[in-house]
Amino acid sequence: MRRVTENKLVIASHNAGKVREIGALLAPYGLEVVSAGDLDLPEPEETEDSFIGNAELKARAAAKASGLLALADDSGFAVNALDGAPGIYSARWAGPSKDFGIAMQRVLEEMSASGRKDRGAAFICALTLAWPDGHVESFEGRVSGQVAEAPRGTNGFGYDPLFIPDGYEQTFGELEPATKHAMSHRARAFEQLIATCLA
Ligand code: IMP
């Protein structure tokens, strides 16, 4: 286990919203954040077959190209009755128009076609810190729950309207954003990263 002694970190993402959110989470630990976009780093293709594999691939590429400590994430929605699909393909199921109505409909149709009664599912988030010398530290957070019979609610994004976290009756699309953020797969992965490498 390696602790962070650097005071600057590159976030291996070109998504400005994600960079801002992660920057705010890391600010209390004295880490200045720059994005892969700011540094014009190339976006590697996500060729691995797991969340951690893809997070490591992105973090390693950014650390190597920038010479800085790098942080990457990879996340998605995994449905038991679909053997973990859409999983690492969660974004792709929404198609080129990024329509998650279509993606959620496909989940429901494939669950129905599977004939399986299990409605269990989870959101999963992998986070990897990579150092320029090739060392990596990876963490995985998950939140378990059930697939709703139909999408409900307009909060959040992606598959949120289809997911009822354990212990609740509302979907992530219906729950207050603060309630989701306190228990989310992303929050849980960050808790581990902070406890292990930053706190
Ligand atoms: P990425 O890790 O940013 O590539 O996100 C992968 C995809 O997983 C997103 O496009 C969403 O479809 C899905 N996803 C990840 N996290 C969440 C979440 O918190 N709510 C809903 N969908 C999510």
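The values are calculated or read from the model by the stated rules, or taken from the named source; none is laboratory data. Just so you know, these numbers come straight off a predicted model, no measurement behind them. Quick reminder, even Gly has a Cβ in these numbers, built from the backbone with ideal geometry, and neighbours come from all protein chains shown.
Residue pairs whose Cβ atoms lie under 6 Å apart, sitting 6 or more positions apart in sequence or on different chains, and linking a residue in segment 90-110 that is part of a loop (DSSP other than H, G, I, E, B) to a partner that is not β-branched (Val, Ile, Thr), are 90/76; 90/77. When segment 1-60 is examined, which residues are found to be modelled with pLDDT under 95, among the hydrophobic types (A, V, I, L, M, F, W, C) and part of a helix (DSSP H, G or I)? 16, 19, 22, 24, 25, 26, 27, listed by residue number.
Screening residue 126 on (1) more than 11 Å from the ligand (Cβ to nearest atom); (2) under 17 Å from residue 74 (Cα atoms) shows it passes everything except condition (1). For segment 10-17, check the following and say yes or no: at least one residue is surrounded by 14 or more Cβ atoms within 10 Å (Cβ to Cβ), in contact with a Gly (Cβ under 9 Å, 6 or more places away or on another chain) and of a type in the set (Gly, Ala, Ser). Checked segment 10-17: at least one residue is surrounded by 14 or more Cβ atoms within 10 Å (Cβ to Cβ), in contact with a Gly (Cβ under 9 Å, 6 or more places away or on another chain) and of a type in the set (Gly, Ala, Ser).
Within segment 148-186, the set of residues being at pLDDT 95 or above, assigned to a helix (DSSP H, G or I) and among the hydrophobic types (A, V, I, L, M, F, W, C) comprises 162, 183.
Among the conditions (1) more than 11 Å from the ligand (Cβ to nearest atom); (2) closer than 30 Å to residue 71 by Cβ; (3) touching a Leu at 6+ places or on another chain (Cβ under 6 Å), residue 104 misses just one, which is (1).
Of the candidates 160, 166, the single residue that is out of contact with any Lys or Arg (no Cβ under 6 Å at 6 or more places or on another chain), within 13 Å of the ligand (Cβ to nearest atom) and among the acidic types (Asp, Glu) is 160. Scanning segment 56-84 for residues that are within 12 Å of the ligand (Cβ to nearest atom) and either surrounded by fewer than 18 Cβ atoms within 10 Å (Cβ to Cβ) or closer than 18 Å to residue 4 by Cα (or both) returns 72, 73. Of the residues making up segment 88-122, those that are at positive phi and either of a type in the set (Gly, Ala, Ser) or surrounded by 16 or more Cβ atoms within 10 Å (Cβ to Cβ) (or both) are 95, 115.
Considering 53, 95, 67, 101, which residue is under 12 Å from residue 159 (Cα atoms) and not basic (Lys, Arg)?
On the way: 53 fails: under 12 Å from residue 159 (Cα atoms); 95 fails: under 12 Å from residue 159 (Cα atoms); 67 fails: under 12 Å from residue 159 (Cα atoms).
Testing whether each residue is under 12 Å from residue 159 (Cα atoms) and not basic (Lys, Arg) leaves just 101.
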